[in-house]
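Undergrad: Starting off with a structure, shown below.
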Amino acid sequence: RLAVSGAQLQRVLAEEKSMALAAMQEEENVHKKLTEELASLTARLKQHSLGINTTLKQQNRQLDTLGEQAQRNLEEMNRQQEQISKRTKAMQSSMLGTAALLAT
């Protein structure tokens, strides 16, 4: 028999409504939790990105400093090489002059 009383129908409808509300509440809770996790991950990603950026800036400054030091060292070596070359030529000229005097 399909005879259902109004009270039974209302009870079944109330139970269905209660289950639907519970499912919606659970879905809202899951959504809220996922949103919070996403916000946390986004904040961590931002923090790490800023840290990486800071590190890269520091490393670039260090590389610039090393490059400048290397350039100064190269210039100093070139200057010293020129001085050595001049001294060597002067010594050779002096030796040739001395050899010429000794030969006479």
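The values are calculated or read from the model by the stated rules, or taken from the named source; none is laboratory data. Worth saying up front: this structure is predicted, and the values here are computed from it rather than measured. The area values use the complete protein model at the heavy-atom level, side chains included, leaving out ligands, DNA and RNA. Shrake-Rupley method; radii C 1.70, N 1.55, O 1.52, S 1.80 Å.
Undergrad: Any residue at all in the stretch 6-20 that's open to solvent by 70 Å² or more (accessible area, probe 1.4 Å) and of a type in the set (Val, Ile, Thr)?
TA: No, every residue in the stretch 6-20 fails to be open to solvent by 70 Å² or more (accessible area, probe 1.4 Å) and of a type in the set (Val, Ile, Thr).
Undergrad: I would also like to ask the following. One residue is enough: does the stretch 46-53 have a residue meeting the conditions in a helix (DSSP H, G or I) and over 32 Å from the mean Cα position of the chain (by Cα)?
TA: no
Undergrad: Tell me which residues, restricted to the stretch 23-62, are of a type in the set (Asp, Glu) and open to solvent by 100 Å² or more (accessible area, probe 1.4 Å).
TA: Glu26, Glu27, Glu28, Glu36 - these are the residues of the stretch 23-62 that are of a type in the set (Asp, Glu) and open to solvent by 100 Å² or more (accessible area, probe 1.4 Å).
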